[in-house]
Amino acid sequence: MDDELAAALARTDLAAETQQKLRNVRAVLDRDPQAHLESFALVGDRPHAVIAFGDPDTADLVVYLLHGIDTDLLQLLGWADAAQRVCADVIRSSVARGEPRRVATIAWFAWDSGTSVSALATMHATVGAARLAIDIDRMAVRNPDAHIAVVTYSYSSTLLGEMVAMELAGKVRTAFSIASAGVTHAASAAIEDAISRGALTLYATEGEDDGIAPLGRLGHHPIDPRDIRGVVVYDCDGGEAPGIDGSPVIGKAVEGHASQTEADEHGVRHTGYFDESAQGYLTLVARLTDAVNTTH
């Protein structure tokens, strides 16, 4: 995979934006010795990459982290930071509980998530679900004892719903739906069935200040995962949360729909869903730690 990336970086005929995406991949790999390229493809001028942090082949917990619409390798650096934090914080949380675990996280940039227009339908989510299922099935062969979790944000939660509806999520034990763009009626019924059979644990959250996520549910996938029977709903509007060391802390409220914390035009920073101090993020880390420590 590294050779393929190097060959793409050496090309002089690619657009400046494509070159920047490739440089972002190289930068993430260079700055973390534990990061490695799981897969890489350049289709036309659109590169896709899957980057792992930690060793998925020996991990007790493998976490796939998925982005939403209008996101590609131009935004990789922020998502890579989030993936690294999740990995490190679940390890720290496990150690604090006296039960050290091996953890790997995977920033999964192997799909075209589309735009706000295409996101009203399910086509991109359905294709992405099929691709993710292939990767997860391969991972399950490489590491059959791993607890596999999928963390979805915005439109990728629609992808998760399609995976379950198409019966492609059998290897996924734990999943998170964050600021969901919604799932179809068929996916809702399939998720409820999987939960009732004990095949899947699904957690869901959405900020009260998030005005974007509900718009995604105006299309062909109108069901809010928080309304599905058996889904565990947790808060992200600020308040008590489990700290990394196990003691309760007060987490920040999410502001808007952003995945990462961002500064506005006035320099004011607004807390994103994956901010390390956000109530929802701290809860995510705690529930992932629960997952790996209840199965090993």
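The values are calculated or read from the model by the stated rules, or taken from the named source; none is laboratory data. Computed from a prediction, not measured in an experiment: that's the story for all the values here. Please note: Cβ atoms are built from the backbone with ideal geometry, for glycine as well, and neighbour counts cover all protein chains shown.
Determine, yes or no, whether Glu192 is farther than 19 Å from Ser39 by Cβ and surrounded by 16 or more Cβ atoms within 10 Å (Cβ to Cβ).
Yes; evaluated as a whole, the condition is true for this residue.
Regarding Thr105, is this residue assigned to a helix (DSSP H, G or I), surrounded by 14 or more Cβ atoms within 10 Å (Cβ to Cβ) and of a type in the set (S, T, N, Q)?
When the stated conditions are applied, Thr105 does not pass them.
Could you please give the count of residues in the stretch 239-252 that are surrounded by fewer than 19 Cβ atoms within 10 Å (Cβ to Cβ) and assigned to a strand (DSSP E or B)?
5
Against the definition (assigned to a helix (DSSP H, G or I), more than 13 Å from the chain's Cα centre (by Cα) and of a type in the set (Asp, Glu)), how does Asp89 come out, yes or no?
In short, yes.
Can you name the residue in the stretch 15-30 that is of a type outside the set (A, V, I, L, M, F, W, C) and under 18 Å from Asp3 (Cα atoms) and is also surrounded by the fewest Cβ atoms within 10 Å (Cβ to Cβ) among such residues?
Ranking the candidates gives Asp30 first.
Every residue in the stretch 243-274 that is over 18 Å from Gly211 (Cβ atoms) and touching a Phe, Trp or Tyr at 6+ places or on another chain (Cβ under 6 Å), please.
If the condition is that a residue be over 18 Å from Gly211 (Cβ atoms) and touching a Phe, Trp or Tyr at 6+ places or on another chain (Cβ under 6 Å), then Phe274 is the only one that fits.
Among the residues of the stretch 24-33, are any farther than 23 Å from Val141 by Cα, within 17 Å of the chain's Cα centre (by Cα) and not in a helix (DSSP H, G or I)?
no
What do you reckon, is Val95 surrounded by fewer than 20 Cβ atoms within 10 Å (Cβ to Cβ) and β-branched (Val, Ile, Thr)?
yes
Which of the residues spanning the stretch 118-163 are crowded, with 18+ Cβ neighbours inside 10 Å, modelled with pLDDT under 95 and either among the hydroxyl-bearing types (Ser, Thr, Tyr) or over 19 Å from Ala204 (Cβ atoms) (or both)?
Within the stretch 118-163, Leu120 is the sole residue that qualifies.
Any idea which of Gly230, Gly207 is in a loop (DSSP other than H, G, I, E, B), touching a Cys at 6+ places or on another chain (Cβ under 6 Å) and small (Gly, Ala, Ser)?
Going through Gly230, Gly207 in turn, just one is in a loop (DSSP other than H, G, I, E, B), touching a Cys at 6+ places or on another chain (Cβ under 6 Å) and small (Gly, Ala, Ser): Gly207.
Let me spell it out: the conditions are (1) touching a His at 6+ places or on another chain (Cβ under 7 Å); (2) of a type in the set (D, E, K, R); (3) at pLDDT below 95, and Asp60 meets all of them except one. Which number is the exception?
Of (1) touching a His at 6+ places or on another chain (Cβ under 7 Å); (2) of a type in the set (D, E, K, R); (3) at pLDDT below 95, only one is false for Asp60: (3).
Which of the following residues is in contact with a Leu (Cβ under 9 Å, 6 or more places away or on another chain), at negative phi and not basic (Lys, Arg): Val233, Val292, Val254?
Val292
Going through Ile250, Ile212, Ile223, Ile191 one at a time, which residue ends up being modelled with pLDDT of 95 or more and touching a Ser or Thr at 6+ places or on another chain (Cβ under 6 Å)?
Among Ile250, Ile212, Ile223, Ile191, only Ile223 is modelled with pLDDT of 95 or more and touching a Ser or Thr at 6+ places or on another chain (Cβ under 6 Å).
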